[in-house]
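Peer 1: Structure in structure tokens, see below.
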Amino acid sequence: AQESYASIRDKPAETLCGQRITLKMNAGLMADLPSLESSGAEGVGLFRTELQFLIRNHMPKRAELSQLYARVIDAAKGKRVVFRTLDIGSDKVLPYMKAVDEPNPALGWRAVRVGLDKPGVMRMQLQALIRAAAGRPLTVMFPFVAQREEFTAARAEMDKALERERILGHPLPESLEVGAMLETPSLAFAPDSFYSEVDFLSIGGNDLKQFFFAADRENELVRRRYDTLNVSFLTFLENIVQRCATTDTRLSFCGEDAGRPVEAACLAAIGLRSLSMRPASIGPVKSILRRVDLSEMHQIIHTTRDEGHQSVRPAVMEYLRGKL
Ligand code: PEP
Ligand code: MG
């Protein structure tokens with residue numbers, strides 16, 4: 001019989017083969033935080049900080065941000081919150097910032113590129129985060145890093161912010177993790193030194209997929225054209241999992257696909273052990289994970305690929321139907 005989502009809320013996302021998968025939630029507003037309790041999420045795997053910038057008609061002040069981030073950390077009651085620094089540009093334009101006219105905004109001046117070129121806002125944000133942590137652990141992630149040097153420069157901004165706060169007499173975080181989103185295919189081929197420099201990586205599957213297939217995620221004509229379970233994309237993701245394993249780099253996945261049960265089960269089957277999704281998806285994803293055997297699924301994925309199919313979806317669906 002199928003378990004109700006409520007009945008498994010406090011149970012682990014453990015597969016039939018005994019593999020634990022960490023399920024976290026994505027958030028961006030204070031209103032999302034009660035879901036941390038109700039969904040059974042093990043933390044916030046992606047806090048999209050740009051929403052706070054997008055809902056105002058003026059640039060938020062550092063004190064406002066720091067109070068807000070402190071409330072987020074309070075509400076998480078000791079569970080980790082991964083704060084992603086401002087990811088603007090492309091589909092996310094701030095009403096009070098002069099928009100730049102770009103021929104291809106998704107490939108343009110966005111996220112950490114803006115943060116590094118015009119560091120004022122990023123510095124303010126990092127300072128607000130350190131103050132919000134007020135001596136508690138802090139986790140920060142930079143979006144849209146495409147090469148190692150960008151991460152190095154962003155991390156240096158973090159170190160400078162820490163130093164400034166120390167001089168000003170503010171307590172520093174008890175522990176600090178600084179990671180990057182893996183959203184451009186280039187990072188999958190970055191040198192090992194990149195992998196050892198980051199404290200963790202989180203795959204932004206929405207962007208990674210659009211760049212992998214060169215198919216705009218905002219364009220109705222092409223956005224559904226390529227299946228996430230396309231064998232080429234899964235092979236690519238599996239390579240990233242393996243790189244992270246050999247370089248001992250913590251990896252998670254926080255794109256929308258993590259919240260789709262069939263996709264989530266496949267991500268687990270190729271080795272992902274941490275998924276972050278909208279809170280409402282945690283029940284359905286946990287429910288399916290508790291009914292699958294990852295080595296069986298892995299076998300199906302590889303056999304389908306070796307047989308030359310385009311997508312593993314039909315074979316995986318057939319396997320899952322037998323489990324429902
Ligand atoms: C992603 O790209 O998968 C992601 C999680 O970030 P966003 O959807 O905010 O671009
Ligand atoms: Mg993204």
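Peer 1: Against the conditions (1) within 16 Å of ligand 2 (Cβ to nearest atom); (2) crowded, with 20+ Cβ neighbours inside 10 Å, where does V81 fall short? Just the number, please.
Peer 2: So the condition that V81 fails would be (1).
This table checks each residue for (1) farther than 28 Å from V292 by Cα; (2) touching a residue at least 12 places away in the same chain (Cβ under 8 Å); (3) under 23 Å from the mean Cα position of the chain (by Cα).
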{"site": "T15", "(1), (2), (3)": "no, yes, yes"}
{"site": "L36", "(1), (2), (3)": "no, yes, yes"}
{"site": "A41", "(1), (2), (3)": "no, yes, yes"}
{"site": "G45", "(1), (2), (3)": "no, yes, yes"}
{"site": "T49", "(1), (2), (3)": "yes, yes, yes"}
{"site": "K61", "(1), (2), (3)": "yes, no, no"}
{"site": "L68", "(1), (2), (3)": "yes, yes, yes"}
{"site": "V72", "(1), (2), (3)": "yes, yes, yes"}
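Peer 1: Does the stretch 145-164 hold any residues that are within 16 Å of ligand 2 (Cβ to nearest atom), free of Cβ contacts under 8 Å to residues at least 60 places away in the same chain and not charged (D, E, K, R), and which are they? Talk me through it step by step, then tell me what you get.
Peer 2: Filtering the stretch 145-164 down to residues within 16 Å of ligand 2 (Cβ to nearest atom) leaves 145-146, 150-151, 154.
Those still in the list that are free of Cβ contacts under 8 Å to residues at least 60 places away in the same chain too: 145-146, 150-151.
Result: V145, A146, F151.
Peer 1: Starting from the stretch 195-211, keep only residues that are more than 13 Å from F151 (Cβ to Cβ) and hydrophobic (A, V, I, L, M, F, W, C), then list their pairs with residues that are in a strand (DSSP E or B) and within 16 Å of ligand 2 (Cβ to nearest atom) whose Cβ atoms are within a distance under 6 Å, requiring at least 6 positions of separation or different chains.
Peer 2: Between residues of the stretch 195-211 that are more than 13 Å from F151 (Cβ to Cβ) and hydrophobic (A, V, I, L, M, F, W, C) and residues that are in a strand (DSSP E or B) and within 16 Å of ligand 2 (Cβ to nearest atom), the close pairs are I203/L182; I203/F253.
Peer 1: Exactly one of (1) more than 16 Å from ligand 1 (Cβ to nearest atom); (2) buried (at least 17 other Cβ atoms within 10 Å of the Cβ) is unmet by L94. Its number?
Peer 2: Here L94 meets the rest and fails (1).
Peer 1: Go through the stretch 17-31 and count every residue that is modelled with pLDDT of 95 or more and more than 16 Å from ligand 2 (Cβ to nearest atom).
Peer 2: Taking the stretch 17-31 first, the residues modelled with pLDDT of 95 or more are 17-28.
Next, only the ones that are more than 16 Å from ligand 2 (Cβ to nearest atom) stay: 17-25.
Counting residues in the stretch 17-31 that are modelled with pLDDT of 95 or more and more than 16 Å from ligand 2 (Cβ to nearest atom) gives 9.
Peer 1: Related question: How many of the residues in the stretch 168-200 are within 17 Å of D257 (Cβ to Cβ) and in contact with a strand residue (DSSP E or B) (Cβ under 8 Å, 6 or more places away or on another chain)?
Peer 2: Counting residues in the stretch 168-200 that are within 17 Å of D257 (Cβ to Cβ) and in contact with a strand residue (DSSP E or B) (Cβ under 8 Å, 6 or more places away or on another chain) gives 4.
Peer 1: Could you grab the pairs with beta carbons closer than 7 Å, sequence gap of 6+ or different chains, first residue in the stretch 124-144 and farther than 20 Å from L201 by Cα, second one within 16 Å of ligand 2 (Cβ to nearest atom) and among the β-branched types (V, I, T)?
Peer 2: Q125/T49; Q125/T85
Peer 1: Follow-up. Given the criteria out of contact with any strand residue (DSSP E or B) (no Cβ under 7 Å at 6 or more places or on another chain) and at positive phi, does G135 qualify?
Peer 2: yes
Peer 1: Just to verify a result, which residue in the stretch 201-234, among those that are in contact with a strand residue (DSSP E or B) (Cβ under 7 Å, 6 or more places away or on another chain) and within 16 Å of ligand 2 (Cβ to nearest atom), is farthest from V262 (Cα to Cα)?
Peer 2: Top of the filtered list is L201.
Peer 1: How about the stretch 279-312: which of its residues are in contact (Cβ under 8 Å) with a residue 40 or more places away in the chain, buried (at least 18 other Cβ atoms within 10 Å of the Cβ) and within 22 Å of C17 (Cα to Cα)?
Peer 2: I282, G283, V285, K286, S287, L289, V292, L294, I301, T304, V312
Peer 1: Does any residue of the stretch 284-298 turn out to be under 23 Å from R224 (Cα atoms) and modelled with pLDDT of 95 or more?
Peer 2: So in the stretch 284-298, the residues under 23 Å from R224 (Cα atoms) come out as 284-285.
Pick out the ones that are also modelled with pLDDT of 95 or more and you get 284-285.
Looking for residues that are under 23 Å from R224 (Cα atoms) and modelled with pLDDT of 95 or more, one finds at least one in the stretch 284-298, hence yes.
Peer 1: Then there is this: Provide a single number: the residues in the stretch 165-200 that are within 16 Å of ligand 2 (Cβ to nearest atom) and among the small types (G, A, S).
Peer 2: Looking only at that region, the number is 4.
Peer 1: How many residues are more than 16 Å from ligand 1 (Cβ to nearest atom), at pLDDT 95 or above, aliphatic (A, V, I, L, M) and outside any helix (DSSP H, G or I) if we restrict to the stretch 39-83?
Peer 2: Total meeting the criteria: 1.
The values are calculated or read from the model by the stated rules, or taken from the named source; none is laboratory data. Only a predicted model underlies this, so the values are computations on that prediction, with no experimental measurement involved. As a convention, Cβ positions derive from the backbone with ideal geometry for all residues, glycine included, and neighbour counts pool all protein chains shown.
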